[in-house]
Amino acid sequence: MFKRILIANRGEIAVRIIRACNDLNIESVAIYSRADRDSMHVKMATYTYPISEDPIKGYLDPDLIIQAAKETEAEAIHPGYGFLSENALFAKKVKEAGLVWIGPDYEVIAKMGDKNAARNLMIANGIPVVPGTEPLNSLSLYEIQKIARKIGYPVILKASSGGGGRGIRVVWEEKDLESSFEACKREALTFFKNEDVFMEKYIQNPRHIEFQILADNYGNVIHLLERDCSIQRRHQKLIEIAPCPTMGVDLRRRMGCVAVAAAKAAQYTNAGTVEFLVDDDNNFYFMEMNTRIQVEHGVTEEITGYDLIGRQIRIANGEILDLSQNDICAQGFAIEARINAEDVYNDFVPNPGKITSYYPALGPFVRVDSYVYKDFTIPPFYDSMIAKLIVRATSYDLAVNKLKRALNEFKIRGVKTTIPFLINICNDKDFRRGNFDTSYLEKKVESLMPQETQVESDLVAAIAVALTCGLEQSDNKSSFK
């Protein structure tokens with residue numbers, strides 16, 4: 001097993017990986033920017049390495065990260081999610097430096113990161129895809145309009161190298177096609193350095209279903225059931241559920257088989273996610289494959305009992321996958337709610353600042369993955385998610401009840417959060433019945449908006465403050481540089 005792993009990330013996922021390393025008796029190296037020097041992942045790691053004064057640069061510089069790994073004598077690099085986690089060049093450089101990349105091979109990352117190439121690979125292997133096109137950039141506006149008419153409006157424009165909800169435009173009428181195409185190209189170039197854009201038929205109000213994959217280096221591939229990620233706002237997931245509360249046994253079986261076939265077609269190794277759109281008639285279409293661990297991996301861990309980060313590390317270390325598909329079964333339902341430091345009354349804009357009180361929810365089958373604590377100041381430079389609240393229960397209805405209870409217990413002071421908004425989702429009858437798709441929040445956001453009076457009593461607030469414990473810097477920390 002590896003002796004030491006460097007984590008090329010920050011925040012909640014860095015904390016999660018450190019915990020997996022500790023479970024496997026592996027030393028961890030946390031890199032950090034000046035803005036992150038007080039973050040929990042820096043306090044928890046075996047060793048720390050200041051990667052950059054700049055809040056962003058160090059996390060996005062492959063050469064600096066590889067240098068840090070060598071100086072700290074790390075044997076492997078775990079990229080987490082976001083930042084460089086799906087950067088094929090970084091994965092290649094890690095391998096060329098004689099280090100182990102904890103993830104799929106860089107050639108697979110490149111292939112699946114190009115949505116058009118991934119789409120063609122799936123078509124060649126009989127995987128159902130949404131009707132669409134090759135990149136459109138070399139075509140005239142007239143030709144693009146002609147293709148859109150043939151596919152039929154509405155259509156969706158997507159950046160070939162896109163992800164995370166970026167580089168996407170839905171076009172409902174031909175008059176908006178040109179402006180949407182140009183906007184999509186600009187965004188694609190800005191975020192992905194690749195302005196290639198392709199077009200697909202827009203499946204209206206689908207469910208967003210993804211299957212978790214594990215694959216070792218010896219051809220063994222299984223799925224660990226599905227997650228329903230339909231509760232989204234602006235293509236960003238807010239709540240994830242495993243398994244899907246409305247999916248039947250036959251559809252689960254068929255989609256699971258296709259997900260495994262897609263992973264095998266890509267010659268995939270390590271942990272990954274095959275994402276599908278499912279329409280009202282239960283037709284499903286391959287959307288993309290995420291070549292990294294997902295934010296929402298925790299709900300799959302809760303219903304299956306398997307540590308996905310631990311499995312990533314073990315597979316990268318060369319271990320054979322000692323699981324078969326028959327070993328995988330759901331133990332109830334798990335729900336994850338992403339708690340963001342955002343002002344819900346001001347179009348959900350990020351609300352960084354100092355946390356003056358922090359009391360996470362507790363109780364049976366309640367899990368909190370976070371990197372913040374009392375008196376921690378949330379930097380303004382990163383994603384606004386500060387915690388993931390995950391609950392599990394024997395039925396979906398009980399899981400919603402538990403989520404609501406835990407959200408009411410969760411107290412964060414000093415910054416505005418999405419907790420009141422999430423509580424209102426738990427109270428919504430359609431959510432409780434599993435009656436939702438990707439249009440759910442678009443249709444209901446106003447009715448779900450919390451009232452200004454929706455705050456806890458002074459007594460509860462006082463109890464939260466009294467029970468909050470600050471996290472002190474460890475005195476026996478070993479630091480490089």
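Some points to look at:
- Value of Rg/Rh across the stretch 195-274 [Cα atoms, Kirkwood radius]: 1.01
- Projected-area mean, the stretch 250-357, by convex hull of Cα positions, square nanometres: 10.8
- Length gained when the stretch residue 445-residue 183 is fully extended (0.36 nm per residue, less Cα-Cα span): 91.8 nm
- Compactness relative to 2.2 N^0.38 Å, alpha carbon Rg of the stretch 128-195: 1.05
- Lysine pair number, Cα distance threshold 19 Å (strictly under), the stretch 1-134, separation 8 or more or different chains: 10
- Between the stretch 256-295 and the stretch 35-110, the Cα center-to-center distance that results, in Å: 26
- Per residue, the chain exposes an accessible area of 42 Å² to a 1.4 Å probe, with every protein chain left in place.
- For peptides 343-353, 322-332, 92-102, sequence by mean Cβ density within 10 Å, most packed first: 92-102, 343-353, 322-332
- On the chain, 49 percent of the accessible area sits on carbon and sulfur atoms, based on a 1.4 Å probe.
- With Cα atoms as the point set, the radius of gyration and Dmax of the chain evaluate to 22.1, 67 Å.
- Amide H contacts for residue 375 (H built 1.01 Å from N in the peptide plane; partners 5 or more residues away or on another chain; cut-off under 5 Å): 355, 356, 357.
- The string of couplings for the stretch 353-361 from the Karplus curve (6.51, -1.76, 1.60, θ = phi - 60°) is x, 8, 7, 8, 8, 8, 9, x, 5 Hz, one whole number per residue in order, with x for Gly and Pro.
- Per-residue ellipticity at 222 nm computed for the chain from its helices equals -10000 deg cm²/dmol, with DSSP H segments shorter than 4 residues left out and the rest contributing -39,500 (n - 2.57).
- Share, in percent, of DSSP beta bridges within the chain that are antiparallel, nearest 5: 80
- Within the full protein context, the accessible area of residue 47 is estimated at about 40 Å² for a probe radius of 1.4 Å.
- Phi-based couplings in Hz for the stretch 373-389 (Karplus 6.51, -1.76, 1.60; Gly and Pro marked x): 6, 4, 6, 6, 9, 5, x, x, 9, 10, 4, 7, 6, 10, 7, 10, 9
- Straight-line cross-link reach from residue 146 at under 16 Å between alpha-carbon atoms covers these aspartates and glutamates, not counting any fewer than eight positions away in the same chain: 134, 173, 174, 176, 178, 200.
- Derived scalar couplings between HN and Hα for the stretch 231-248 equal 7, 10, 10, 6, 6, 10, 6, 10, 9, 10, 10, 9, x, 4, x, 10, 8, x Hz in order, rounded to whole Hz, by the Karplus curve 6.51 cos²θ - 1.76 cosθ + 1.60 (θ = phi - 60°), x for Gly and Pro.
- Unit Cα scatterers, Debye sum, the stretch 106-149: log10 I(q)/I(0) for q = 0.19, 0.22, 0.28 Å⁻¹: -0.69, -0.81, -0.97
The values are calculated or read from the model by the stated rules, or taken from the named source; none is laboratory data. These figures come from a predicted structure and were not determined experimentally. Every residue, glycine among them, receives a Cβ derived from its backbone with ideal geometry; neighbour counts consider all protein chains shown. The area values use the complete protein model at the heavy-atom level, side chains included, leaving out ligands, DNA and RNA. Shrake-Rupley method; radii C 1.70, N 1.55, O 1.52, S 1.80 Å.
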